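Report on the structure given below.
The values are calculated or read from the model by the stated rules, or taken from the named source; none is laboratory data. It should be emphasised that the depicted structure is a prediction, and the values quoted were computed from it without experimental measurement. We place every Cβ from the backbone using ideal geometry, glycine too, and count neighbours over all the protein chains shown.
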Amino acid sequence: MRFLSTFASASVALALSPAMAEEPHPKLGPDAVPVTTDHAYLRTAPAPDYWAFSPFVKPQFTSSACSIASVTAAVNGLAGLPPLAEDAVMTQPALLEATGIPEWAALSAEGGDGVTFAQLEQFTAAAAKARGLPLKVSSFRPLAEDAATLADLRARLVVNEASADDVALVYFNQGVVTGDWDGPHISLIGAYDAQSDRVLILEVDQEWYIPYWTPLPVLLKAMLKPTSAEHGPLEGETGGLVILAR
């Protein structure tokens with residue numbers, strides 16, 4: 001959900017001196033390592049979710065469409081490649097149409113507000129139903145940045161990593177992980193490396209990023225950071241996981 005209001009964009013531009021505006025920044029901050037430079041886990045571990053879902057992760061079709069992009073990749077991965085040549089792989093606009101939820105389409109359109117965590121749960125269940133997939137939708141919404149919550153999150157990701165029978169969508173503040181902008185975002189979790197305690201994010205925000213690893217404590221922090229006021233109706237929103245399972 002990478003967007004700024006016209007007012008916010010102008011305010012940022014006015015606040016920056018020419019020297020500050022021209023100062024280069026790295027593509028990713030220290031808490032995000034691109035998979036192109038760190039892929040040892042994928043070469044040595046089964047990583048079932050990565051191989052099942054990464055082929056279906058496509059760029060979000062608008063700057064506000066991270067929810068439908070992530071859900072489309074999730075249901076396509078669980079459904080698998082269509083068996084017949086005449087069967088198309090479900091696209092984001094096609095899944096929006098199939099669910100028949102005008103609100104989701106409006107929130108995902110260019111300049112849309114994006115979805116709340118509760119809406120992500122609701123729309124994910126609707127998408128599974130529209131695809132005719134017998135899937136269970138559950139969620140995990142952390143409330144504190146403490147050892148118990150982190151242990152709970154680790155346990156859930158270990159279960160998720162064991163097979164491709166389920167997939168986790170993560171709702172998080174993208175900038176906490178990437179070191180870039182401050183805003184809510186949704187993508188898929190592609191793998192969890194328990195030994196290094198890192199999560200692979202399969203980014204749908206592909207205009208700006210590719211998949212990257214981030215430490216699990218950083219991802220928890222990103223889930224818990226409330227959305228800022230510049231995002232209007234999403235102000236105060238925090239994140240978590242929405243899980244689809246066969």
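Structure notes:
- Filtered residues of the stretch 27-47 (kept if closer than 14 Å to residue 201 by Cα and touching a residue at least 12 places away in the same chain (Cβ under 8 Å)): 28, 31, 32, 33, 34, 35, 36, 38, 41, 42, 47
- Meets criteria (at pLDDT 95 or above, surrounded by 14 or more Cβ atoms within 10 Å (Cβ to Cβ), under 24 Å from residue 108 (Cα atoms) and small (Gly, Ala, Ser)) for residue 228: no
- Meets criteria (more than 18 Å from residue 52 (Cβ to Cβ), at pLDDT below 95 and hydrophobic (A, V, I, L, M, F, W, C)) for residue 213: no
- Residue pairs meeting the criteria (Cβ under 9 Å; at least 6 apart or on separate chains; first farther than 18 Å from residue 71 by Cα, in the stretch 153-169; second β-branched (Val, Ile, Thr) and part of a loop (DSSP other than H, G, I, E, B)): none
- Check on residue 193, surrounded by fewer than 18 Cβ atoms within 10 Å (Cβ to Cβ), at pLDDT 95 or above, more than 15 Å from the chain's Cα centre (by Cα) and acidic (Asp, Glu): no
- Candidate set from the stretch 111-139 (those that are of a type in the set (A, V, I, L, M) and more than 23 Å from residue 165 (Cβ to Cβ)); member that is surrounded by the fewest Cβ atoms within 10 Å (Cβ to Cβ): 118
- Helices (runs of 4 or more DSSP H) completely within the stretch 50-141 that count 1 or more residues being in contact (Cβ under 8 Å) with a residue 12 or more places away in the chain, within 24 Å of residue 226 (Cα to Cα) and not hydroxyl-bearing (Ser, Thr, Tyr): 66-79, 102-108, 117-130
- Among the criteria (1) of a type in the set (A, V, I, L, M, F, W, C); (2) more than 14 Å from the chain's Cα centre (by Cα); (3) assigned to a strand (DSSP E or B), the one residue 150 does not fulfil is (3).
- Within the stretch 15-37, the set of residues being modelled with pLDDT under 95 and either on the phi > 0 side of the Ramachandran plot or under 22 Å from the mean Cα position of the chain (by Cα) (or both) comprises 26, 27, 28, 29, 30.
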